[in-house]
1. If you go through the stretch 215-257 one residue at a time, how many are assigned to a strand (DSSP E or B) and farther than 20 Å from Ile111 by Cβ?
2. Taking the conditions exactly as written (acidic (Asp, Glu), part of a strand (DSSP E or B) and modelled with pLDDT of 80 or more), does Asp15 satisfy them or not?
3. Among the residues that make up the stretch 12-31, is at least one of them surrounded by fewer than 18 Cβ atoms within 10 Å (Cβ to Cβ), in contact with a Pro (Cβ under 8 Å, 6 or more places away or on another chain), of a type outside the set (A, V, I, L, M) and outside the structural domain of Phe156 (by TED's automatic domain parsing)?
4. Would you pick out the residues in the stretch 180-191 that are over 18 Å from the mean Cα position of the chain (by Cα) and crowded, with 17+ Cβ neighbours inside 10 Å?
5. Taking the residues in the stretch 181-214 that are assigned to a loop (DSSP other than H, G, I, E, B) and not small (Gly, Ala, Ser) as candidates, determine which candidate is farthest from Pro129 (Cα to Cα).
6. Identify the residue in the stretch 140-172 that is in a loop (DSSP other than H, G, I, E, B) and of a type in the set (Val, Ile, Thr) and, among all such residues, is modelled with the lowest pLDDT.
7. Which ones in the stretch 99-151 are within 19 Å of the chain's Cα centre (by Cα) and hydrophobic (A, V, I, L, M, F, W, C)?
8. Which residue is surrounded by the most Cβ atoms within 10 Å (Cβ to Cβ), if the candidates are limited to the stretch 145-179 and must be of a type in the set (S, T, N, Q) and farther than 13 Å from Thr197 by Cα?
Amino acid sequence: MSVKIEKSQYSSQYDNITSGVYYVYNDLGGYIYKSYESIFSAPARFADHIKPLVEANVGAHYYVQSPYTTTYSSASATVDVNSVNLTHNGRNAYISLGIVTEGSTYYSFDIGLIYDRSLRNGVEAGWVPCAIAHGGTTPTPTISCTDSSVTGIWNFYKSKYSGARYCDINIAVSKTSSNDVVTVTYTYRSAGSTLATCVLTYNFTAGAMFTSTSTTPKLRFMRFVSLVPANDDGTDDDRDYSILNANLNSLKLNQSN
């Protein structure tokens, strides 16, 4: 059984470095290449950007984030679901976009796909949209779907649509005087046609998701792929030969690749 490593056990002696080799716990470490934060024009320190993402006992995960800025108001990607290679061995699998923010209540919002392991007619239910806001309760979105049988995000399964191969995910953010708004569009497509589309609009209280110091949403967009233990107590992350290989294609911020 794996051993849970507490954050308090991480070494802090590397906090001020901007490049080089580091070890935060025994042989848990890596190599930092000097990078610059665009809004500060200064090297990104280990403590500011690398260290918070060193997470022991939480499986395999890959994250990429954009700069923290007001420049971008949308992000999109396409998942070729049929090309995904998954052996989950009881782990939770995610293929996702998302946002990182500094709101008064929320600090991030994961928006993508999760693999549902539950059985339906003897077969695992498979890939389904997943949207989780971190820092508070995810608000119930308003939903508009071309398939009238879809009443919530959790029953918009890819397996419902014969020939579905691609899932297009689009996130658009905006602000009004009373709300921080995140609009999410999921589209299932075959090689030649659109099969179903759902648009979900999440309304947060103004300032709760995006900092109130900016008139337009200030955030980082992100993408990630993860295969993590089903529990979160840090003791169930032994080697089990689980696999998740997935491609996020046609990645765009606003309309730029």
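1. Here is the first cut: in the stretch 215-257, the ones assigned to a strand (DSSP E or B) are 219-228, 243-245, 248-253, 256.
Filter once more, so that each one left must be farther than 20 Å from Ile111 by Cβ: 243, 245.
Of the residues in the stretch 215-257, 2 are assigned to a strand (DSSP E or B) and farther than 20 Å from Ile111 by Cβ.
2. Values: acidic (Asp, Glu): yes; part of a strand (DSSP E or B): no; modelled with pLDDT of 80 or more: yes.
Here the answer is no, as Asp15 does not meet what is asked.
3. Restricting attention to the stretch 12-31, the residues satisfying the condition of being surrounded by fewer than 18 Cβ atoms within 10 Å (Cβ to Cβ) are 12-13, 15-21, 23, 25-31.
Filter once more, so that each one left must be in contact with a Pro (Cβ under 8 Å, 6 or more places away or on another chain): 18-19.
Those left that are additionally of a type outside the set (A, V, I, L, M): 18-19.
When the remaining residues are screened for being outside the structural domain of Phe156 (by TED's automatic domain parsing), the result is 18-19.
Yes - at least one qualifying residue is present in the stretch 12-31.
4. Step one: filter the stretch 180-191 for residues over 18 Å from the mean Cα position of the chain (by Cα), giving 180, 188-191.
Across the stretch 180-191, the qualifying residues are Asp180, Tyr188, Arg189.
5. First pass over the stretch 181-214, keeping only residues assigned to a loop (DSSP other than H, G, I, E, B): 190-193, 206-214.
The next check asks that each one be not small (Gly, Ala, Ser); those that pass are 209-211, 213.
Details: Met209: 21, Phe210: 23, Thr211: 27, Thr213: 32 Å.
The selected residue is Thr213.
6. Let us first name the residues in the stretch 140-172 that are in a loop (DSSP other than H, G, I, E, B), namely 140-141, 146-152, 156-157, 161-165.
With of a type in the set (Val, Ile, Thr) added as a condition, the list becomes 140, 146, 150-151.
Working: Thr140: 96, Thr146: 97, Val150: 94, Thr151: 90.
Once the filter is applied, the top-ranked residue is Thr151.
7. Answer for the stretch 99-151, where residues must be within 19 Å of the chain's Cα centre (by Cα) and hydrophobic (A, V, I, L, M, F, W, C): Ile99, Val100, Phe109, Ile111, Leu113, Ile114, Trp127, Val128, Cys130, Ala131, Ile132, Ala133.
8. Ranking the qualifying residues of the stretch 145-179, first place goes to Asn179.
The values are calculated or read from the model by the stated rules, or taken from the named source; none is laboratory data. Since the model is a prediction, treat every value here as computed from it, not as a measurement. Positions of Cβ are generated from backbone atoms using ideal geometry, with glycine treated the same way; all protein chains shown enter the neighbour counts.
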